[in-house]
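Since the structure comes first, as structure tokens, the remarks are kept for the end.
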Amino acid sequence: MPLVADSLTCAYVDLYHPKAIAPRPMILSNIAALLELSLGLAAWKEYGEHRWVLRCNPSSGNLHPTEGYVILPNIGSLPAGVYHY
């Protein structure tokens with residue numbers, strides 16, 4: 001999936017205002033943004049020689065694999081099916 005979250009233009013505060021963010025069509029880049037923002041990595045932290053990652057969906061501090069399944073109709077660039085992320 002393409003990494004697209006850095007190209008989004010809506011502000012965090014828009015989440016608190018109804019209709020501030022327009023609905024988006026079900027296309028590959030929008031599905032990629034949903035998965036990246038909900039299941040991706042949020043940041044890398046470093047202290048001394050130690051480095052670790054923070055996830056968007058934390059799991060009590062452990063680094064368990066985070067995965068999701070997306071059930072899609074035919075959206076043009078992807079055929080209908082169940083996809084593992």
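The values are calculated or read from the model by the stated rules, or taken from the named source; none is laboratory data. On a predicted model such as this, the values are computed, not experimentally measured, just so you know. Neighbour counts run over all protein chains shown; Cβ positions are idealised from the backbone, glycine included. Only protein heavy atoms, including side chains, enter the accessible area calculation; ligands, DNA and RNA are left aside. Shrake-Rupley method; radii C 1.70, N 1.55, O 1.52, S 1.80 Å.
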Which angle from 0 to 90°, rounded to the nearest 10, does the C-alpha axis of helix 28-39 make with the longest principal axis of the chain? 30
Between the modelled labels at residue 6 and residue 75 (7 Å from Cα along Cα→Cβ) the distance in nm is 2.2
Give me Rg/Rg_expected for the chain, where Rg uses Cα atoms only and Rg_expected = 2.2 N^0.38 Å with N residues. 1.31
If I ignore ligands, DNA and RNA and count only protein heavy atoms, how much of residue 52 is accessible to a 1.4 Å probe, in Å² to the nearest 10? 100
Heads up, I need the accessible area for residue 83: 1.4 angstrom probe, whole protein in place, Å², nearest 10. 70
Tell me which residues come under 5 Å, amide H to amide H, from residue 4 once H is placed; ignore anything under 5 positions away on its chain. none
Just the accessible area per residue of the chain, please: how many Å² with a 1.4 Å probe? 81
